[in-house]
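Undergrad: Sharing a structure with you now.
The values are calculated or read from the model by the stated rules, or taken from the named source; none is laboratory data. None of the values given here were measured: they were computed from a predicted structure. Counting neighbours? That spans all protein chains shown, and the Cβs are built from the backbone with ideal geometry, glycine included.
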Amino acid sequence: MRVAVTGAGGMLGTDAVLALRARGHDVQAMSRPTFDIGDRAQLDEMAAAADVVVNCAAWTAVDDAETQEPDAFWLNAVVPHLLALTTHAYGAALVHVSTDYVFDGDADEPYDEDAALAPRSAYGRTKAAGEWAVRAGNPNHWLIRTAWLYGAAGGCFPKTIARLAADRDEIQVVVDQVGQPTWTVDVATQICALLEAGAPFGVYHATSSGTASWRDLAERVVAASGGRARVEPTTSDAFPRPARRPAWSVLGHRRWHEAGIEPIGDWRERWDAAASAVLAP
């Protein structure tokens, strides 16, 4: 299969390219400075040579989006709109990556793939707009929501915790945000499975199974890194941020089962598998 990956230099894009190539697909890795995702001529050329475009490009600076929402909207909504229209014009399918921030974070059970969108931050608004743009522009799409990502190819929470744990006796980590820590390698694997199974188009949640607080993950990271710090509980009020963080970022996996594809396994098992690669110097 001919697959183009945008945002190929990012944490998820890097692993998507590696996974697709490892499975024998013909992959175009599209990233700056050689690829301008807003250039219509380059988009046309990419889409014309692809059966599927996997869009991993995104504005992910959640707090900065609060003061730079037009810039975030461009990358998270306008660009997906252009990609959807362009891929549809050339007969290519589109995989678009979205986020748990499109939900309000107030639930007490996993968000279903069809749950109503209710973003509470500028970042969430721009990502929700991107979902609507993809739906409107190309009916042949897979919309992949993920959350709490970590990986070897970029900065992430586990790397930060491991660094702090090496130098401190104690670190405080919030317990009132609950989600599903998810390895980018696993998301890339799920994308491959969707393409290769010819799964029905629509929304899928590519997150690990189970639930964890940030403190739960931090404790596992410290143990894996050999750090000496104690991980003490605290609340979000102790770390005020410009953008509101969802208190509940747990996503349901119904659509995987309906498509006959196993969802990602328990977050603890997946962290144990990922730790050495993610924390490698």
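Undergrad: If the requirement is being surrounded by 19 or more Cβ atoms within 10 Å (Cβ to Cβ) and either closer than 19 Å to M11 by Cβ or in contact with a Pro (Cβ under 6 Å, 6 or more places away or on another chain) (or both), which of these qualifies: L217, L194? Before you say what the answer is, go through the steps one by one.
TA: On the way: L194 fails: either closer than 19 Å to M11 by Cβ or in contact with a Pro (Cβ under 6 Å, 6 or more places away or on another chain) (or both).
Answer to the check: L217.
Undergrad: Then there is this: Being part of a loop (DSSP other than H, G, I, E, B) and acidic (D, E) is the filter; apply it to the range 154-191 and report the residue that is surrounded by the fewest Cβ atoms within 10 Å (Cβ to Cβ).
TA: So the residue we want is D169.
Undergrad: Of all residues in the range 122-141 being over 19 Å from P181 (Cα atoms) and surrounded by 23 or more Cβ atoms within 10 Å (Cβ to Cβ), which is nearest to the chain's Cα centre (by Cα)? If you could, list the steps in order and put the result at the bottom.
TA: Of all residues in the range 122-141, those over 19 Å from P181 (Cα atoms) come to 122-123, 125-141.
In the following step, the residues that additionally are surrounded by 23 or more Cβ atoms within 10 Å (Cβ to Cβ) were identified as 122-123, 126-127, 130, 134, 138, 141.
Details: A122: 17, Y123: 13, T126: 14, K127: 11, G130: 14, V134: 16, N138: 20, H141: 16 Å.
Among them, the one singled out is K127.
Undergrad: Being over 27 Å from V102 (Cα atoms) and surrounded by 14 or more Cβ atoms within 10 Å (Cβ to Cβ) narrows it down to one residue among S236, S208, S225; which is it?
TA: Numbers: S236 fails: over 27 Å from V102 (Cα atoms); S208 fails: over 27 Å from V102 (Cα atoms).
One residue alone meets the criteria, S225.
Undergrad: For the range 197-233, what are the residues that are of a type in the set (A, V, I, L, M, F, W, C) and assigned to a helix (DSSP H, G or I)?
TA: Applying the first criterion (of a type in the set (A, V, I, L, M, F, W, C)) to the range 197-233 yields 197, 199, 201, 203, 206, 212, 214, 217-218, 221-224, 229, 231.
Residues satisfying the conditions are A197, W214, L217, A218, V221, V222, A223, A224.
Undergrad: Hey, another quick one. Look at the range 1-26 and say how many of its residues are among the small types (G, A, S), in a helix (DSSP H, G or I) and buried (at least 19 other Cβ atoms within 10 Å of the Cβ). Spell out the reasoning first.
TA: First, the residues of the range 1-26 that are among the small types (G, A, S): 4, 7-10, 13, 16, 19, 22, 24.
Narrowing further to those that are in a helix (DSSP H, G or I): 13, 16, 19, 22.
After this cut, where a residue has to be buried (at least 19 other Cβ atoms within 10 Å of the Cβ) as well, the list is 13, 16, 19.
Residues that pass the stated criteria total 3.
Undergrad: Just need a number here: residues in the range 224-250 that are in contact (Cβ under 8 Å) with a residue 60 or more places away in the chain and of a type in the set (D, E).
TA: Qualifying residue count, the range 224-250: 1.
Undergrad: Of the residues in the range 205-253, how many are among the basic types (K, R), under 18 Å from D108 (Cα atoms) and out of contact with any helix residue (DSSP H, G or I) (no Cβ under 7 Å at 6 or more places or on another chain)? Walk me through how you get there before you give the answer.
TA: So in the range 205-253, the residues among the basic types (K, R) come out as 215, 220, 228, 230, 241, 244-245.
With under 18 Å from D108 (Cα atoms) added as a condition, the list becomes 244-245.
From what's left, out of contact with any helix residue (DSSP H, G or I) (no Cβ under 7 Å at 6 or more places or on another chain): 244.
Selection size over the range 205-253: 1.
Undergrad: Follow-up question, since we're still on this one. Can you find a residue that is among the hydrophobic types (A, V, I, L, M, F, W, C), over 19 Å from A92 (Cα atoms) and free of Cβ contacts under 8 Å to residues at least 24 places away in the same chain anywhere in the range 38-50? Walk me through how you get there before you give the answer.
TA: Pass one, the range 38-50, residues among the hydrophobic types (A, V, I, L, M, F, W, C): 41, 43, 46-50.
Subset that is over 19 Å from A92 (Cα atoms): none.
Checking the range 38-50: not a single residue is among the hydrophobic types (A, V, I, L, M, F, W, C), over 19 Å from A92 (Cα atoms) and free of Cβ contacts under 8 Å to residues at least 24 places away in the same chain.
Undergrad: Determine if the range 166-177 includes at least one residue that is on the phi < 0 side of the Ramachandran plot, among the aliphatic types (A, V, I, L, M) and at pLDDT below 95.
TA: Taking the range 166-177 as the starting set, the residues that turn out to be on the phi < 0 side of the Ramachandran plot are 166-177.
Then keep just the ones that are among the aliphatic types (A, V, I, L, M); that gives 166, 171, 173-175.
When the remaining residues are screened for being at pLDDT below 95, the result is 166.
Looking for residues that are on the phi < 0 side of the Ramachandran plot, among the aliphatic types (A, V, I, L, M) and at pLDDT below 95, one finds at least one in the range 166-177, hence yes.
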